[in-house]
Amino acid sequence: MAKALEILSTENELFRIYLFYSCVLVLKVLLMAPLTAIQRFKHKAFANAEDAISEKVKPKTHDNVERVRRAHLNDLENIPVFLVAGLAYILTNPSVWLATMLFRVFTISRMIHTIVYAVYVLPQPARFFAFLGGLLTTIYMAVQALIYFFV
């Protein structure tokens, strides 16, 4: 127990790095809602009748709104899993350099994923590779934690 508390201390450089990237990712998720709202107002594409009435339009969808919304949903599916896997990985007391690189790769992958999916749309496989970078880092951390704690 004492070892885990030592690892999860703000005195631990790796834990501080994990907290930094976690906060960046949390802010990214939170900023997706205003980005969706901006697209909704820009294209007057509101999902709910009460929102559409205030803008004197009928409820409708728009591809740009849906892209941002789907990018947001993709973040909601992937970032919480990363946060759990990253925390478990930290408890294995890994190399600070490797763990930092994994956190960076995941964070950068998620940023690129949103850019190529919802901001400046690029054809596939750009979005796939951005998604894959995040997926592989999360899988690696989860597998390492499983091996450390259960093998």
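Only the coordinates and a few stated rules stand behind these numbers; no lab work does. All values derive from a computational prediction rather than experimental measurement. Glycine also receives a Cβ, built like all others from the backbone with ideal geometry; neighbour counts cover every protein chain displayed.
Could you give the longest part of the chain that holds none of the GluC sites (Glu not before Pro) found in DSSP loops with at most 16 neighbouring Cβ atoms within 10 Å?
Between the exposed loop sites, the longest stretch runs 56-151.
So what are the ³J(HN,Hα) numbers for the range 30-45, from phi and the Karplus equation (6.51, -1.76, 1.60; θ = phi - 60°), rounded to whole Hz, Gly and Pro as x?
For the range 30-45, the Karplus-derived couplings read 5, 6, 5, 5, x, 5, 5, 4, 4, 5, 4, 6, 4, 9, 6, 10 Hz, x marking Gly and Pro.
Looking at 123, 98, 146, which one has the Cα that reaches farthest to the positive end of the dipole of the range 2-150 (charges on Cβ: Lys, Arg +1; Asp, Glu -1)?
With unit charges placed on the Cβ atoms, the residue in question is 123.
Once every DSSP H run of n ≥ 4 in the chain is given -39500 (n - 2.57) and the sum is divided by its residues, what mean residue ellipticity at 222 nm do you get, rounded to the nearest 500 deg cm²/dmol?
-26000 deg cm²/dmol
Would you mind checking the tilt of helix 63-90 against the longest principal axis of the Cα atoms of the chain, expressed as 0 to 90 degrees and rounded to 10?
Rounded to the nearest ten degrees, it is 10.
I want to check the label-to-label distance for residue 63 and residue 101. Put each point 7 Å from Cα in the C-beta direction and report it in nm to one decimal.
Result: 3.9 nm between the two label points.
Using the Cα centre of the chain as the reference point, and only Cβ charges (+1 on K/R, -1 on D/E), how large is the resulting charge dipole? Debye, rounded to the nearest 20.
With Lys and Arg at +1 and Asp and Glu at -1, about 560 debye.
Which of the chymotrypsin sites (Phe, Trp or Tyr not before Pro) found in the range 77-151 are in a DSSP loop and have at most 12 neighbouring Cβ atoms, other than their own, within 10 Å?
Answer by residue number: 120.
Between [x] 11, 34, 26, 17, 9, 3, 0; [y] 9, 27, 35, 24, 5; [z] 10, 38, 36, 12, 3, 0, which entry matches P(r) over Cα pairs in 10 Å bins from 0, in percent as derived from the coordinates of this structure?
The value matching this structure is [x].
Net charge near residue 12, counting Lys/Arg +1 and Asp/Glu -1 over other residues with Cβ under 12 Å of its Cβ?
Residues near residue 12 contribute -1 overall.
In sequence order, what are the phi-derived ³J(HN,Hα) couplings for the range 98-113 according to the Karplus relation 6.51 cos²θ - 1.76 cosθ + 1.60 with θ = phi - 60°, rounded to whole Hz, with x for glycine and proline?
5, 4, 4, 4, 4, 4, 5, 4, 4, 4, 5, 4, 5, 5, 4, 4
What angle do you read, to the nearest 10 degrees and between 0 and 90, between the alpha-carbon axis of helix 126-150 and the longest principal axis of the chain?
30 degrees
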